[in-house]
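Everything on this sheet refers to the single structure shown next.
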There are 4 protein chains.
Amino acid sequence: MLRVGSRHSPRPPKTGAVHGRPHGPDAQLHAQALAAGLDTEALLDRVAEILDELECETEIVRIVDHHIPFGVESDLGDGDEWPKILAKILAADILIIGTSIWFGVRSSVCQMVIERLDGTYNDTNEVGQYPLYNTVGGVVVTGNEDGAHDAAGTTLFNLGHLGCPVPPNADCYWVGDSGPGPSFIEADGWNRSAYTRKTASWMAHNVVHLARILRERPIPPEGNTVPGWQPIKVDGPS
Amino acid sequence: MLRVGSRHSPRPPKTGAVHGRPHGPDAQLHAQALAAGLDTEALLDRVAEILDELECETEIVRIVDHHIPFGVESDLGDGDEWPKILAKILAADILIIGTSIWFGVRSSVCQMVIERLDGTYNDTNEVGQYPLYNTVGGVVVTGNEDGAHDAAGTTLFNLGHLGCPVPPNADCYWVGDSGPGPSFIEADGWNRSAYTRKTASWMAHNVVHLARILRERPIPPEGNTVPGWQPIKVDGPS
Amino acid sequence: MLRVGSRHSPRPPKTGAVHGRPHGPDAQLHAQALAAGLDTEALLDRVAEILDELECETEIVRIVDHHIPFGVESDLGDGDEWPKILAKILAADILIIGTSIWFGVRSSVCQMVIERLDGTYNDTNEVGQYPLYNTVGGVVVTGNEDGAHDAAGTTLFNLGHLGCPVPPNADCYWVGDSGPGPSFIEADGWNRSAYTRKTASWMAHNVVHLARILRERPIPPEGNTVPGWQPIKVDGPS
Amino acid sequence: MLRVGSRHSPRPPKTGAVHGRPHGPDAQLHAQALAAGLDTEALLDRVAEILDELECETEIVRIVDHHIPFGVESDLGDGDEWPKILAKILAADILIIGTSIWFGVRSSVCQMVIERLDGTYNDTNEVGQYPLYNTVGGVVVTGNEDGAHDAAGTTLFNLGHLGCPVPPNADCYWVGDSGPGPSFIEADGWNRSAYTRKTASWMAHNVVHLARILRERPIPPEGNTVPGWQPIKVDGPS
């Protein structure tokens, strides 16, 4: 059963939500990756290895192993497992979306994840920006024919709307020859595509670079806070 | 739980499947519409009224009222309700997909429907074409900001790959002003948009026109049958 | 120099324009193809061979060999060579657009061609529909990495808006492996891609099938004529 | 006349090219905007006013006032005026692309500009990255119906591939109601759309924020330099 939320009459954002991201410059960097299919997970595994060398710890969540209903709110109740995944995302420095391609565009599973992230528009970080501000975005795409540019471009653009800064060359993809063919795993895409390996490495380096930079110098809450947001007043004598 | 099928090693298509579409030129025309949201259903209702005037009967299925797992096969078992919806589609002369827009593209529910239609590639009609050959395609889109061209264009293109002929002006959409705003229903989009009314009427007329034409003169199975397909041999003395 | 026309306040369409397309069912079928690059032209050459076997004559115009300014009117003057190309298009039964891919989408040359076709919205055929009604649409795409679905889908959708009916499987593409690589010609894409050959043949057959069907049974001018259009009154006693 | 370059066999990048961007943290910030139409220029004017308040100087180049041939190299000779525009881009801290929408996607003029930027892949900055590394990207879109998400998303994605970091909410658009209608200027879109004004301000703030941050802490040339690039050796005893 779908529950479709309405974006046009948002609740007033919660003020001063603290998402527990460690902002200290020396803390371990953490990337949260979401895999929407087995092949994409296989490519994310490789990206995670590179991130590990760069001292960034990566957790990969397989979306399809969880009960996540359609909708555009952050908690739909009834056993919805999205809230716990969202908590991981909000605690991370880097968010990497992995998607497969079906019919030339990103998969329904990935689209569902993006729609659930719509719920973050109803919240803010502790300074009044959307919660994903300063969470660096990246994307990984696998498919057996064509559509990687569309899937990656749409996804990075959506992440940017949600608040994620995006470094250069923040996508990595593998697709086969024209027309249907073997998948990334079956084709041994990693070992056979120098392009995929190169772009995976560039992407990993750049999300880490930008996350380190933004940890020291986050995008300030000037000119980009949610209208109506107010800082929480501290109780006590003033 | 997602079950992801593999398109690259298709099973040999079933031969000679008969889908029960009444091919007689005088039979009642039938349109099958799939609604992926309440607003889209409201627009489909209006389109159905026009189709009714043109002596085409329309059934609208609300996708989210059914249990339809992710996947790319036509029957995923375990209470999958897609097979009965697919049967309706295959019996229809016209298939109209209704989708809402989220993050600038068609919704996850619509994308899931398209992915389930992928299963028809493993089957053929009675003359060896993909099952949706000669089923005329149309699309209806509602959204509260922007993305109708992308959603409609992607969907019609996918329907064409699946076998649907597409007449001119086969889409109809409503979106609001720039940025989030009221939905189609809330904004009384039908009464307030002459453009939506005009294109709904054009679309309805054209899918009916083309369906009538193709009923008398279907696209022949020459140069477009699935490789490896063989007609069923009739038992008996030869 | 760009001249940007305005689509929102169109001139009243010319009434009763006759575009000289031979409507007799026995007349030679004619396809007009537009090539936006050398590789695409090479693929169009192969499609034209198949069309020739199906008794459909094809003319390929290389867009870049002509002086065609940016704009959205059918005749921009000052040596504009678009009018003579448009005359060819309007006289054809089939219009096939060929485009290369740059940055994941169709090329600027192809986009420019589509924009010039916008000018046809200011005109009608002899029965009050947009001039491209009943001109069957197809598309051919070549690229050296990824983006064929986006380029083909966008183009067929645009042709549908302009009036073209689109048969199933009306696109044919070739792209290389992930990342930049050799072009269609350099890679000998035709001989090395069974998928490209298959889809070229399907596309050619289907545009011819639909063109023959529509020649006998064109989409009637019911519910799809341009608002305000009036048939030309024949002079004489009434 | 089109000259189509080939991306698959790039010339070895020039080494150590210095583009003259002032890297001192106290230097005036400079944004280079490219307008592909009058309406887009009008919206860029407003963005420039906000940037001015943020002490970022903006220059807007009207693309159609210059002779810029189709192609994918940085200098096509024969009076090509792209090189002087490219020099401005490479000297800027911020690059903002302005595009109109035609047929649901970005205009041919904008697509041509993006294709010309392809030529920068044959060059590097002084540390071996693509020349646009650390040039912050943004996009502005105007149209009279629908397609802003597609146009903005594609453009920001392309800028990211070229090397531009993209801050959150880096796009600003205006489109009218469903269907063709008055343009941004005619509709007084700026004064009538709170959404367009809000997103223009967010975008302006964020490109400036990120440009200031990257001036102090540019993305380091680690893991993202062009293969084969070598720093220029300094003459002298070693």
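The values are calculated or read from the model by the stated rules, or taken from the named source; none is laboratory data. Just so it is clear, the structure is predicted and the values come from calculations on it, not from any experiment. Cβ sites come from the backbone with ideal geometry, for glycine too, and all protein chains shown count toward neighbours. The area values use the complete protein model at the heavy-atom level, side chains included, leaving out ligands, DNA and RNA. Shrake-Rupley method; radii C 1.70, N 1.55, O 1.52, S 1.80 Å.
The string of couplings for the stretch A:193-203 from the Karplus curve (6.51, -1.76, 1.60, θ = phi - 60°) is 10, 4, 5, 5, 5, 4, 6, 4, 5, 4, 4 Hz, one whole number per residue in order, with x for Gly and Pro. Global size of the stretch C:29-216: 15.6, 48 Å for Rg and Dmax (C-alpha atoms, Rg to one decimal, Dmax whole).
Residue by residue, the stretch C:55-63 carries 3J(HN,Hα) couplings of 6, 10, 7, 10, 10, 10, 9, 8, 4 Hz when phi is fed to the Karplus relation 6.51 cos²θ - 1.76 cosθ + 1.60 (θ = phi - 60°); x denotes Gly or Pro. Rounded to the nearest 10 degrees, the angle from helix A:82-91 to the longest Cα principal axis of chain A is 80 degrees. Taking every DSSP beta bridge that has both ends in the protein assembly as shown, the antiparallel portion is near 10%.
Peptide A:168-174 has a mean shielding of 6, counted as Cβ atoms of other protein chains within 10 Å of each residue's Cβ. Pick from D:Q129, D:Q111, D:Q32: which is most flexible by mean-square fluctuation in a GNM of chain D where alpha carbon atoms under 10 Å apart are linked? Its mean-square fluctuation being the largest, the pick is D:Q111.
Would you mind pulling out the separation of the Cα centroids of the stretch A:146-160 and the stretch B:108-180, in Å? Between the Cα centre of the stretch A:146-160 and that of the stretch B:108-180, the gap is 20 Å.
Taking amide H atoms as placed 1.01 Å from N in the peptide plane, the amide H of C:V61 lies under 5 Å from those of C:A33, C:L34, C:A35, each 5 or more residues away in sequence or on another chain. With both labels modelled 7 Å from their Cα along Cα-to-Cβ, the A:E49 to D:D45 distance reads 5.6 nm.
Per-atom-type breakdown for the stretch D:141-238 gives carbon and sulfur 52% of the accessible area (1.4 Å probe, protein chains only).
Solvent exposure of C:D39, expressed as accessible area, is near 40 Å², computed with a probe of 1.4 Å over the protein chains only. Relative to the longest principal axis of the Cα atoms of chain D, helix D:108-117 runs at roughly 20 degrees.
If you take every DSSP beta bridge whose two residues both sit in the stretch D:29-216, what share of them, in percent to the nearest 5, is antiparallel? Percentage antiparallel, nearest 5: 10.
For the protein assembly as shown, the solvent-accessible area with a 1.4 angstrom probe is 36 square angstrom per residue. Taking the accessible area of the stretch B:62-136, probe 1.4 Å, and keeping the other protein chains in place, the carbon and sulfur fraction comes to 51%. For GluC sites (Glu not before Pro), the sites in the stretch A:27-95 that DSSP calls loop and that have at most 12 other Cβ atoms within 10 Å are A:E55.
Residues in the stretch D:176-186 carry Karplus couplings, in order, of x, 5, 3, x, x, x, x, 7, 3, 5, 4 Hz; the curve used is 6.51 cos²θ - 1.76 cosθ + 1.60 with θ = phi - 60°, and Gly or Pro positions show x.
Rounded to the nearest 10 degrees, the angle from helix A:38-53 to the longest Cα principal axis of chain A is 70 degrees. With runs of 4+ DSSP H residues as the only contributors, calculate the mean residue ellipticity of chain B at 222 nm using -39,500 (n - 2.57) per run, divided by the residue total and rounded to the nearest 500. Here the helix-only value at 222 nm equals -10500 deg cm²/dmol.
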